[in-house]
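The values are calculated or read from the model by the stated rules, or taken from the named source; none is laboratory data. All values derive from a computational prediction rather than experimental measurement. No Cβ is skipped: glycine too gets one built from the backbone with ideal geometry, and neighbour counts run over all protein chains shown.
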Amino acid sequence: MIKTISKIGNSHGIIFDSTLLQLAHLQPGDEVNLEVHPGGTITITPMKGAEISAATAAEAAKRIIGKNHELFRRLS
């Protein structure tokens, strides 16, 4: 896909149309990481965190608390 760099105020940017955002599973306001590689290649990587279910999070918390019960008791 070819895009043109446009002047936006005092800066420059690339406009992501809705189709491109849908293909990349992005939406306005999402954070991305930009990385410039030798030779000028730029990669844009979404910064979305891994989503887990409440049940999985609760189980992980119980396991961590169980393993570190004594530490948590001393800290409280």
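Mind checking whether some residue in the stretch 30-46 is aliphatic (A, V, I, L, M) and modelled with pLDDT under 90?
No - not one qualifying residue is present in the stretch 30-46.
Let me spell it out: the conditions are (1) touching a His at 6+ places or on another chain (Cβ under 9 Å); (2) surrounded by 10 or more Cβ atoms within 10 Å (Cβ to Cβ), and residue 15 meets all of them except one. Which number is the exception?
(1)
What number of residues within the stretch 18-44 are of a type in the set (Ser, Thr, Tyr) and either surrounded by 10 or more Cβ atoms within 10 Å (Cβ to Cβ) or touching a residue at least 60 places away in the same chain (Cβ under 8 Å) (or both)?
Final tally of qualifying residues: 1.
I need a count of the residues in the stretch 17-76 that are in a helix (DSSP H, G or I) and of a type outside the set (D, E, K, R).
Of the residues in the stretch 17-76, 20 are in a helix (DSSP H, G or I) and of a type outside the set (D, E, K, R).
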